[in-house]
Structure formats: C-alpha cells, structure tokens
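**Q** Next up is a structure, given as structure tokens.
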Amino acid sequence: MGKARTQAQKLRAKRGRPLKPNVPRTASGQISRSKEANIEMNMQPAIDRRVRHYGIHGTKNETAQQLAGDPHWGYLLGRLLKDGVINKAQHDAGNRYSEDMSSYYGLTGVAFPSAKAQNMFAVRGSSGEDDEARGDRAAKARAKMTKLRDLLLSCGDINTGRKVLHTVNAVCVEDMDHLRTLNSPMKAWLVSGLNSLSRHYEGT
C-alpha cells in the first residue's frame, strides 16, 4: 500500500501545469495580477531569449537577466553600443537619423526598405489631417532626407561615400542583425557616417 500511495502521489504531482518560476506573487502565493507584474511576466520570455541569443553574461553586480532588460539590446544600434563598437554620441546620432528617415518614409508613402526593419518611429497622420499640411510636412521630410544622404555621401570619395551611406542605412534603418560582427572596413564606414551625423545634429 505504501508503494501504491507513493506512485499515486507522483502521478498527482505530474498533473496540471508546472509552477511558473520567477514570477511576482501575492502574499498568499498566487500569481500577482497587477499591471506591473503582467508587464514583467510578458517581458521575461523576451529577456530570456536575449540572454541566449546574444550571449549576455552576468556581472558581479547584475545577473544576465537584469542586463538583458536594458532596451538597448532590442535593436542593432543599441547592441553595438553595448558591445563598445560605437560610443554614446554616435549611438544618439544614429537614433536621430533613424527617426528622420522613418518620418520620411511615413510621410511620403515611400516603402520602408526592409520588411524586417524596426519602423519604431513611423509617422501616421489621422484620417482627418489636412492634405496641404501633410504635403508640407512630407516636403520638409524629403528635403531633410536629401540633406542627410548628401552628408553621408560626402564622407570620403564617391565610392567610400556610397559605402558609408549603405552601412549606416543597413544598421540604423534596416536593422540588419548579422552586421553586429562588422568587419574592419564596415566598422570604419559606420563610425565615419555616425560622426558626420553627430556633428550635423549638434549644429541644429
């Protein structure tokens, strides 16, 4: 009988869903249903995936999960900052460039260059927006895009400038994750373009 009861207990223990680890709970042991707790629970799978996919290692003061909660890990330009490939000024310039290009695509109706690209800053007008006002904004966005493109093309000779423009767009706009391991020439083109953008934005 004792053996039978032990097996029955084992079967009962296997039934149902296993307990969720590392989730906020109330004093009674139930899973917390607060808004903050739900956000934390929904973020946990993404954070765990970042730890595995990007090889994030904990430190003496922070666990790998705590480090992976940093939003910079969510996009290529941020990961290059965390890797030490670019500095904060270059990262901020790349983010502003991404915003300006996304505004251009969103306002003019030009297709975004990649289905994968993280179009986080796209501008969407309401259905009642005045066509003339939207046209003015689109014209300004187009002029800004042209100026930024010419700025990047001017980084070195014409061939180098094209490579700088292509690399900056691939990293900042198209978010091509495989470029996290930049070779030396591409890193130089990216840094050159971001430095040029940083100087431009400082003067505006």
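Just so it is clear, none of the values below were taken in a lab; they were calculated from the coordinates. This structure is a prediction, so every number in the text was calculated from the model and none was measured. When we count neighbours, we look across all protein chains shown, and the Cβ atoms used for this are built from the backbone with ideal geometry, even at glycine.
**Q** Counting other beta carbons within 10 Å of each Cβ, put 83, 92 in order, fewest first. Mind showing how you got there, number by number?
**A** Values: 83 12, 92 17.
Going from sparsest to densest Cβ surroundings: 83, 92.
**Q** Right, another one. Based on the Cα coordinates of segment 128-167, what is the per residue volume of their convex hull in Å³?
**A** Enclosed volume per residue, from the Cα hull, is 58 Å³.
**Q** Pull up all non-local amide H partners of residue 70: gap of 5 or more, or a different chain, and H-to-H distance under 5 Å with H placed in the peptide plane.
**A** none
**Q** Separate question: Report the label-to-label distance for residue 147 and residue 132 in nanometres (one decimal), using points 7 Å from each Cα along the Cα→Cβ vector.
**A** Label-label distance for residue 147 and residue 132, simple model: 2.4 nm.
**Q** Tell me, 105, 97 in order of fewest to most beta-carbon neighbours within 10 Å?
**A** 105, 97
**Q** Could you list 107, 153 so that the one with the fewest beta carbons within 10 Å of its beta carbon is first and the one with the most is last?
**A** With the sparsest Cβ surroundings first, the list reads 153, 107.
**Q** Next question. What number results when the radius of gyration of segment 134-204, computed over Cα atoms, is divided by 2.2 N^0.38 Å? Could the numbers behind the result be given before it?
**A** Numbers: Rg = 13.1 Å, N = 71, 2.2 N^0.38 = 11.1 Å.
This ratio for segment 134-204 stands at 1.18.
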